[in-house]
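The structure under discussion is supplied below as structure tokens; questions concerning it will follow.
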Amino acid sequence: MNEAIAMDYKLKSISKAGIPEAASKAELYRFLNDPEESESICRDILALDPANQQALRLLGLALTDQFLGVGTDRYREAKEAFEKLSDNYERLYHTGLLFERRAKAQIQAGQPPHTLLPLLEQALSCYAEAETIRPPENDDAILRWNRCVRLLEMLKSRLEEGLVSFDVHDAPPI
């Protein structure tokens, strides 16, 4: 059995002409909630064209789609993909998404609300800067800003509930 696993398989290269169709498939797999497939296709594109902006953006997004709020999340890989985006607006906006999605994953994982503030503040900072250089009629950074503010309001509410519940149910030492 080990010999079968040890067989010498190698990755095959896609054609340069096939990149647009491959990128469409990567986007489709993201929409189908299959980020691992999307990631694999993006890596095939980037092996042939390391500066392909669509593949870098989709790779970063596919990686953030896989965040679970744990130490094994590939945060650094997603950040590196977004840092290679050549358009400053795209780089800022997607870096904001990275921080926001990391915070959301940690919320889902049950992290204490007060530990998420720095991530959401970093997201807000990216969105604020992206807003100043956004393309005309593109309100994406504003929409993401508003979502982060709502997340902060929800976290504040959870913190207050936690404090109230602690005060209400705590008993003095005997």
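The values are calculated or read from the model by the stated rules, or taken from the named source; none is laboratory data. Only a predicted model underlies this, so the values are computations on that prediction, with no experimental measurement involved. Cβ sites come from the backbone with ideal geometry, for glycine too, and all protein chains shown count toward neighbours.
Could you count how many residues in the stretch 77-102 are without any contact (Cβ under 8 Å) to a residue 40 or more places away in the chain and among the hydroxyl-bearing types (Ser, Thr, Tyr)?
2
In the stretch 117-150, how many residues are part of a helix (DSSP H, G or I) and under 20 Å from Phe82 (Cβ atoms)?
Result for the stretch 117-150: 23.
Another question, if that's okay. Could you give every pair whose Cβ atoms fall below 9 Å, whose first residue belongs to the stretch 103-118 and is β-branched (Val, Ile, Thr), and whose second residue is not in a helix (DSSP H, G or I), counting only separations of at least 6 or pairs across chains?
Close Cβ pairs satisfying both conditions: Ile107/Gly69; Ile107/Leu116.
Tell me, which residue of the stretch 54-96 that is at pLDDT 95 or above and of a type in the set (S, T, N, Q) is surrounded by the most Cβ atoms within 10 Å (Cβ to Cβ)?
Thr64
Further question: Can you tell me which residues in the stretch 83-100 are within 17 Å of Cys42 (Cα to Cα) and within 10 Å of the chain's Cα centre (by Cα)?
If the condition is that a residue be within 17 Å of Cys42 (Cα to Cα) and within 10 Å of the chain's Cα centre (by Cα), then His94 is the only one that fits.
Go through (1) closer than 25 Å to Ala123 by Cβ; (2) not assigned by TED's automatic domain parsing to the domain that holds Asp140 for Ile107 and report which single condition fails.
Evaluating Ile107 over (1) closer than 25 Å to Ala123 by Cβ; (2) not assigned by TED's automatic domain parsing to the domain that holds Asp140 leaves (2) as the failure.
Can we say Val149 is modelled with pLDDT under 95 and either over 13 Å from the mean Cα position of the chain (by Cα) or not assigned by TED's automatic domain parsing to the domain that holds Pro50 (or both)?
no
Given (1) within 27 Å of Ile142 (Cα to Cα); (2) in a helix (DSSP H, G or I); (3) not aromatic (Phe, Trp, Tyr), where does Ser86 come up short, assuming only one miss?
The failed condition is (2).
Examine the stretch 91-105 for a residue that is over 27 Å from Lys156 (Cβ atoms) and in contact with a Lys or Arg (Cβ under 9 Å, 6 or more places away or on another chain), and state whether such a residue exists.
yes
While we're looking at this one, here's another question. Among the small types (Gly, Ala, Ser) and buried (at least 17 other Cβ atoms within 10 Å of the Cβ): which single residue out of Ala23, Ala47, Ala17, Ala51 fits that description?
Answer to the check: Ala23.
Next up: Give me the pairs: first residue in the stretch 53-76 and among the hydroxyl-bearing types (Ser, Thr, Tyr), second residue assigned to a loop (DSSP other than H, G, I, E, B), beta-carbon distance under 8 Å, and six or more apart or on different chains, which are they?
From residues that are among the hydroxyl-bearing types (Ser, Thr, Tyr), the pairs are Tyr75/Phe67.
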